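I have placed the structure first, in the form of structure tokens, so that the comments after it can refer back to it.
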Amino acid sequence: MDFVYSSGVLVIQHLQNNHREYHDFLNFMSTVGDPRNIFSVYFPLWFHLSHNVGTKMIWVAVVSDWLNLIFKWIMFEQRPYWWVQETHIYSNDSFPHIEQFHITCETGPGSPSGHAMGSACVWYVMITSALSFIRPSSTVASVQSFQRFRLLSSCLWMVFWFIQISVCISRVFVATHFPHQVILGLLAGMLVAEAFDHIPSVYNASLKVYLQATVSLFSSAICFYLLLKLTDINPLWSVTKAKKWCANPDWIHLDTTPFAGLVRNLGALFGLGLAVNSQMFIQSCKGKNGCKTRFKLMCVTATLTSLQLYDFKMPTHTELLFYILSFCKSASVPLGVVAVIPYCVHLLIGDEDRKLA
């Protein structure tokens, strides 16, 4: 692996030395690929456009992140910003220098890239869903309709690849990942999203199914963690390296640890299960108002505004408390997006309709 890592360092140095003028753009694209944006931006927008797409997006994101964690523990790969500090393949006069940034110091193992995997799976769901909405019917469509669809399809896939390549380059530029790690994450994310196209049962899953899935994913991750511990392998070895070699201790954040992502995503899945099986969701989104464009626009606006105000920092002095609060906070997001806010909008529109009547 030393040859792969050293080749990756050359790519990182080339990007940092010759393309520094794109730093702001690449930093923005790294934010675009942040898995946390799935729940605060992409999911609220898509769920009120299509309940099935929003539901699939959460399932894909959660399973993708769970697989990412398992793969990282199995593959046991380094990250560039600490590997260059510990490797012995360089002589003293050829020791490579790579710059660190405030988003560099991720604490989990390096492969596959979580940003690349999460971004790829969610954008794959969005692009394929958009194409399914605009695909012309084969029975009534004209030749011109199919030509327009092919043109639009090409444009959407170009957007997809532009975003994914930019996210991958951004993660390499900030020395968080080696190039092969982002490529692996990109391919794995697309495969997970494609697999869920063949699992339609998630669209109408009961609360029992959501609860079983949450418990199964959590318990399997814990069992794998304990199995590694029993074989004298420390699954959290990367956290120690990150703390040791990060240029600025303030750049180390508890929410980048392996278990932080696990509890955050499982909280979102559990919260979605509570929401879609609640009476508030049934009365609002499944009722008469659910088909109204005004209702959907009001829900999206209220949801995005609320989530921006809801972005608060949790106490990090105790890890267990942080994980518990992170689970609860993540569960409350889909509960608010899917049930509470739409129900409030439903009551507001209902009162207006009665006044007009």
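The values are calculated or read from the model by the stated rules, or taken from the named source; none is laboratory data. Here the structure is a predicted model, which is why all the values come from computation and not from measurement. Glycine also receives a Cβ, built like all others from the backbone with ideal geometry; neighbour counts cover every protein chain displayed. Only protein heavy atoms, including side chains, enter the accessible area calculation; ligands, DNA and RNA are left aside. Shrake-Rupley method; radii C 1.70, N 1.55, O 1.52, S 1.80 Å.
For the pair A195 and Q279, label points projected 7 Å from Cα toward Cβ lie 3.8 nm apart.
Considering only alpha-carbon pairs that sit under 8 angstrom and 6 or more positions apart, the relative contact order computed for region 55-114 is 53 percent.
Result for the chain in a Gaussian network model with C-alpha springs under 10 Å: among I199, I74, I58, the largest mean-square fluctuation is at I199.
To the nearest µm²/s, what D does Stokes-Einstein give for region 1-156 at 4 °C and 1.567 mPa s, using the Kirkwood radius over alpha carbon pairs as Rh?
Numbers: Rh = 18.7 Å.
The Stokes-Einstein estimate is 69 µm²/s.
For the chain, a Gaussian network of Cα nodes joined below 10 Å ranks F47, F101, F149 by mean-square fluctuation, and the top entry is F149. Counting only protein heavy atoms and using a 1.4 Å probe, what share of the accessible area of region 151-239 belongs to carbon plus sulfur, as a whole percent? After summing per-atom areas, the C and S share lands at 78 percent.
Between the residues V239, S201, A188, the greatest Cα displacement towards the positive end of the dipole of region 187-267, with unit charges on the Cβ of Lys, Arg, Asp and Glu, is found for V239.
How far apart, in nanometres, would the label points at E319 and V41 be if each is projected 7 angstrom from Cα along the Cα-to-Cβ direction? Going from the E319 label point to the V41 one covers 3.0 nm. Helix 319-335 versus the longest principal axis of the chain: what angle, 0 to 90°, nearest 10, using Cα atoms? With both axes taken from Cα atoms, the answer is about 30 degrees. Computed on the Cα trace of the chain, the radius of gyration divided by the Kirkwood hydrodynamic radius gives Rg/Rh = 1.01. Taking the Cα centre of the chain as origin and assigning +1 to Lys and Arg Cβ atoms and -1 to Asp and Glu Cβ atoms, the resulting dipole is close to 1240 debye.
The relative contact order of region 205-298 comes to 36 percent, based on Cα pairs under 8 Å that sit 6 or more residues apart. Since only L67, F95, Q13 are under comparison, the one whose Cα sits farthest along the positive direction of the charge dipole of the chain, derived from C-beta charges on Lys, Arg, Asp and Glu, is L67.
Less than 18 Å from a label point 7 Å out along the Cα-to-Cβ axis of L49: which backbone N atoms in region 107-122 qualify, by residue? Backbone N within reach: 119-122.
Given only helices, namely DSSP H runs of n ≥ 4 each adding -39500 (n - 2.57), what is the per-residue ellipticity at 222 nm of the chain, to the nearest 500 deg cm²/dmol? Display every interim value, and only then the final one.
On the way: 15 runs with 243 residues, N = 357.
Rounded to the nearest 500, the figure is -22500 deg cm²/dmol.
Determine one quarter of the surface area of the Cα convex hull of region 220-270, which equals its mean projected area, and express it in nm² to one decimal. Approximately 4.2 nm², given one-decimal rounding.
Rolling a 1.4 Å probe over the protein heavy atoms gives the chain an accessible area of 49 Å² per residue. Taking the C-alpha atoms only, the angle from helix 114-134 to the longest principal axis of the chain is near 30 degrees. Here's the picture: a label point sits 7 Å out from the Cα of V159 along the beta-carbon direction, and within region 33-62 the residues with their amide nitrogen under 18 Å of it are 33-34, 38, 41-50, 53-54, 57. Close lysine pairs were tallied over the chain: pairs 8 or more places apart or on different chains with Cα atoms under 16 Å apart number 5. Of the whole protein surface, L207 contributes about 70 Å² of accessible area at a 1.4 Å probe radius.
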